[in-house]
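Reviewing the structure listed below.
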Amino acid sequence: MNNLDYDKALHYMIWGQWDELLVLMVRTNDQFLSKKIESFLHACYYPASEAEMLESHESLLHYIDHAQERIETPSII
């Protein structure tokens, strides 16, 4: 996977660049990242509750952190 996608997603989340995050959601090859972004943006635009929005935010951050760890760690064969 492209580590740049995760860096971009984190940057866009921190700075509230929702339009750029939407474009990244469409262009990324990581379908799981795309779904996490979709869930987060939906929770931000149509919040059922603040807890749901915070949960989707934390879920996306957790996935980005996990994906970056997997990419940065070289596999031992």
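What follows is calculated from the coordinates using simple rules that are stated; it is not laboratory data. Computed from a predicted model, the values in this text were never measured in an experiment. Here the Cβ positions follow ideal geometry from the backbone for every residue, glycine too, while neighbour counts run over all protein chains shown.
Criterion first (crowded, with 17+ Cβ neighbours inside 10 Å, at negative phi and part of a helix (DSSP H, G or I)) does ALA51 satisfy it?
Working: crowded, with 17+ Cβ neighbours inside 10 Å: no; at negative phi: yes; part of a helix (DSSP H, G or I): yes.
For ALA51, the condition - crowded, with 17+ Cβ neighbours inside 10 Å, at negative phi and part of a helix (DSSP H, G or I) - is not met.
Every residue in region 1-41 that is among the small types (Gly, Ala, Ser) and exposed (fewer than 14 other Cβ atoms within 10 Å of the Cβ), please. Break it down stepwise before answering.
Within region 1-41, the first condition is being among the small types (Gly, Ala, Ser), and the residues that meet it are 9, 16, 34, 39.
Once the filter is applied, which keeps residues that are among the small types (Gly, Ala, Ser) and exposed (fewer than 14 other Cβ atoms within 10 Å of the Cβ), region 1-41 yields only GLY16.
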